[in-house]
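Any read-out appearing in this document is the output of simple, stated calculations on the displayed coordinates, not a laboratory observation. All of these numbers come straight from a predicted model, not from anything done at the bench. As a convention, Cβ positions derive from the backbone with ideal geometry for all residues, glycine included, and neighbour counts pool all protein chains shown.
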Amino acid sequence: MVAIRRGETSWGILAHSIGPRVRVLRNALTARAVALSTPFDLPSGSLTVLALVAANPGTSQTLLARRAGINKSALVGIVDQLEGRGLATRDRSVTDRRRNSLSITPEGEALLERLHATNEPIEQPIQDALDPAEIGTLIALLDRAVTALEASGPHPGEG
């Protein structure tokens with residue numbers, strides 16, 4: 001049995017479960033990001049979408065949605081807003097006319113830099129709590145976990 005420090009709550013049966021901890025971390029980061037991104041009047045997920053489009057010009061909306069962890073409908077809404085504000089472009093792919101190819105505009109690049117600068121303080125407490133090697137390990141482990149789930153196929157109840 002693990003000793004619980006005063007003011008802490010036991011995870012009980014979930015003591016070795018990953019999902020609840022990831023959810024707590026995600027919720028904390030999302031709440032902070034939403035608060036800091038409100039002045040930009042962009043939907044949640046816009047920083048992730050802009051960053052992925054900038055790093056992967058010409059990417060498809062399907063691949064982008066998968067990598068960003070956003071459902072396709074939500075992604076379309078984000079891309080519509082980014083495109084409407086002149087931050088991204090959506091063109092038909094030259095190799096596959098059934099899909100759109102996304103790119104970021106110079107205005108989008110400038111806003112991406114501002115959004116990223118705003119986002120850095122959100123993660124600062126984590127950066128302060130872990131050393132650079134631990135941050136690298138955490139990111140590598142999260143990437144491996146995501147890859148493992150993707151490789152296992154859809155979860156029960158998914159298409």
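Against the chain, whose longest principal axis comes from its Cα atoms, helix 19-37 is set at around 50 degrees. If you take all other residues with their beta carbon under 14 Å from the beta carbon of E134, and give Lys and Arg +1 and Asp and Glu -1, the sum is -3. Projecting the Cα atoms of L87, P106, Q124 onto the dipole axis of the chain, where Lys and Arg carry +1 and Asp and Glu carry -1 at the beta carbon, places L87 farthest toward the positive end. Near P106: Cβ cut-off under 15 Å, other residues only, Lys/Arg at +1 and Asp/Glu at -1. The net charge is -2. Taking amide H as placed 1.01 Å from N in the peptide plane, T59 has its amide H under 5 Å from the amide H of L102, each at least 5 places away in sequence or on another chain.
For region 107-117, 3J(HN,Hα) computed residue by residue from phi via the Karplus equation (6.51, -1.76, 1.60; θ = phi - 60°) reads 5, x, 4, 5, 5, 4, 4, 5, 5, 5, 4 Hz, glycine and proline entered as x. Put in order of Cβ neighbour count within 10 Å, fewest first, the listed residues I13, I104, I18 become I13, I18, I104. Counting only the Cα atoms, region 105-159 fills a convex hull of 158 Å³ per residue.
Longest span of the chain, sites excluded, free of trypsin sites (Lys or Arg not before Pro) in DSSP loop with at most 16 other C-beta atoms within 10 Å? Counting at most 16 other Cβ atoms within 10 Å as exposed, the longest clean stretch of the chain is 7-84.
Ignoring the sites themselves, the chain has its longest run without GluC sites (Glu not before Pro) in a DSSP loop having at most 12 other Cβ atoms within 10 Å at 9-157. Working note: Cα gyration tensor of region 3-159, eigenvalues times five, square-rooted, sorted largest first, giving semi-axes of 32, 21, 14 Å.
Charges were assigned to the Cβ only: +1 to each Lys and Arg, -1 to each Asp and Glu. The resulting dipole of region 41-121 about its Cα centre is roughly 500 debye. The convex hull drawn around the Cα atoms of region 41-121, when projected onto a plane and averaged over every direction, covers 5.1 nm².
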